[in-house]
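Notes to accompany the following structure.
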Amino acid sequence: MIRLEHLSKFYGSGQSAVAALQDVELHVPEGSITGVIGVSGAGKSTLIRCVNLLERPTSGKVWVDGQDLTCLDEQGLRKARHDIGMIFQHFNLLDSRTVYRNIAFPLELMGLNKAAIQQRITPLLELTGLTDKRDNYPSALSGGQKQRVAIARALASRPKVLLCDEATSALDPQTTTSILELLREINQELGLTILLITHEMEVVKSICDSVALISDGRLVETSRVGPFFTRPGTELGRAFLEDFLRIEPPRSLRERLESSAPDKPHPIVRLVFNDENVSSPLISQLAREFELDISILQARIEDIQGHTLGLMIAEFRGSPDQIQTALAHLESMQLTTEVLGYVE
Ligand SMILES: Nc1ncnc2c1ncn2[C@@H]1O[C@H](COP(=O)(O)OP(=O)(O)OP(=O)(O)O)[C@@H](O)[C@H]1O
């Protein structure tokens, strides 16, 4: 549905030119939800704004629904943009218009008459749960309600693609969940293709099918979401997941943790299980085979679009040699292990 070919974008020219995107190739299949992640300044906003040509690429092509937008004149582009809705972090509503009239705005620009506008808006108010707010002004709405108005407005022209620029970054976690559920519902019920940018891995985990990671304007990794979380293909991917996968030892233990071992021989180990090993009885096997006592101190299991990821912190007690062999055994079973420190 969306295809970016050799897409580059430079801001400015000559020596002071900033390369915001360089030779990006991205395919977003019809009906999918793809998340673009990257650190601040990586080029995420530029990328998403190039899809509807809010930013004109310096070179390369932008295909949406089989049409190369970079070849269109102003009139052709205006028409093509009816197929591309967009929502923003700060909602961008018109304060002087009610909910109903905000949603009506793009339809008025399209020249639809009042009856046709009403016919389109009534189901959108229902879909977004705003029927009883139709005559309210934005100032009387919560952040989540404002984003719902923005979503309804973006859907008014019946687009095939929805672009979401940090759509939940200004919302609290509970509201974020409800907006993500709405986006998933729209994706499934209307078959809408969604491209979103976010810095929250939780957003990627909850609704994306695929993830694209950009760094310094270059696409460094694209992957289905499940494999990305369980086995990222790049160092940057791993770094991105680090916070998301963080699992800390309990505070009382952290205070006793030492980095070197001589008089504190028992390692505290962080283990990451993935699909291949999360359901095996590895811990009890390990205890039996290497004569260890293993205490589980902290554990968490994440279901990521059908892939399972297990995180555990455990204390290993036993002979130092056996502990080393046991850790090497775990590594050979494709588990990620990390010794966080030692306790007495
Ligand atoms: N209008 C502009 N003029 C000049 N440079 C720009 C412009 N817009 C963006 N840039 C630069 O292009 C690069 C990519 O910016 P962009 O906003 O796309 O990154 P981002 O990943 O969306 O960052 P953030 O997460 O902080 O919004 C940055 O170096 C930025 O400074």
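Readers should treat all values here as calculations from the given coordinates under stated rules, not as data from a laboratory. A quick note: this is a predicted structure, and the numbers were derived from the prediction, not measured. Every residue, glycine among them, receives a Cβ derived from its backbone with ideal geometry; neighbour counts consider all protein chains shown.
Would you mind stating whether Q89 is within 21 Å of S157 (Cα to Cα), surrounded by 15 or more Cβ atoms within 10 Å (Cβ to Cβ) and of a type in the set (S, T, N, Q)? Show your work before the answer.
Values: within 21 Å of S157 (Cα to Cα): yes; surrounded by 15 or more Cβ atoms within 10 Å (Cβ to Cβ): yes; of a type in the set (S, T, N, Q): yes.
Yes: the conditions hold for Q89.
Can you report the number of residues in region 126-182 which are assigned to a loop (DSSP other than H, G, I, E, B), out of contact with any strand residue (DSSP E or B) (no Cβ under 6 Å at 6 or more places or on another chain), aliphatic (A, V, I, L, M) and within 24 Å of I48 (Cα to Cα)?
Going through region 126-182 one residue at a time, the tally reaches 3.
Name the residue, out of V211, V220, that is surrounded by fewer than 20 Cβ atoms within 10 Å (Cβ to Cβ) and either within 15 Å of the ligand (Cβ to nearest atom) or small (G, A, S) (or both).
V220
In the set E248, E200, E189, which member is closer than 23 Å to V51 by Cβ and surrounded by fewer than 16 Cβ atoms within 10 Å (Cβ to Cβ)?
Exactly one residue qualifies, and that residue is E189.
Of everything in region 149-174 that's within 22 Å of M201 (Cα to Cα) and of a type in the set (D, E, K, R), which residue is surrounded by the fewest Cβ atoms within 10 Å (Cβ to Cβ)?
Ranking the qualifying residues of region 149-174, first place goes to D172.
Could you please find all residues in region 165-185 being among the small types (G, A, S) and within 27 Å of A42 (Cα to Cα)?
A167, S169, A170, listed by residue number.
Restricting to region 1-45, and then to whatever is touching a Pro at 6+ places or on another chain (Cβ under 9 Å) and near the ligand (Cβ under 9 Å from one of its atoms), can you tell me which residue is farthest from S210 (Cα to Cα)?
The residue in question is K9.
Per-residue answers, yes or no, for (1) buried (at least 18 other Cβ atoms within 10 Å of the Cβ); (2) touching a residue at least 60 places away in the same chain (Cβ under 8 Å); (3) aromatic (F, W, Y):
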{"site": "S206", "(1), (2), (3)": "yes, no, no"}
{"site": "L236", "(1), (2), (3)": "yes, no, no"}
{"site": "F240", "(1), (2), (3)": "yes, yes, yes"}
{"site": "R256", "(1), (2), (3)": "no, yes, no"}
{"site": "S260", "(1), (2), (3)": "no, yes, no"}
{"site": "H266", "(1), (2), (3)": "yes, yes, no"}
{"site": "L286", "(1), (2), (3)": "yes, no, no"}
{"site": "E289", "(1), (2), (3)": "no, no, no"}
{"site": "Q298", "(1), (2), (3)": "no, no, no"}
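Based on this model, can you work out whether L77 counts as more than 16 Å from the ligand (Cβ to nearest atom) and on the phi < 0 side of the Ramachandran plot?
yes
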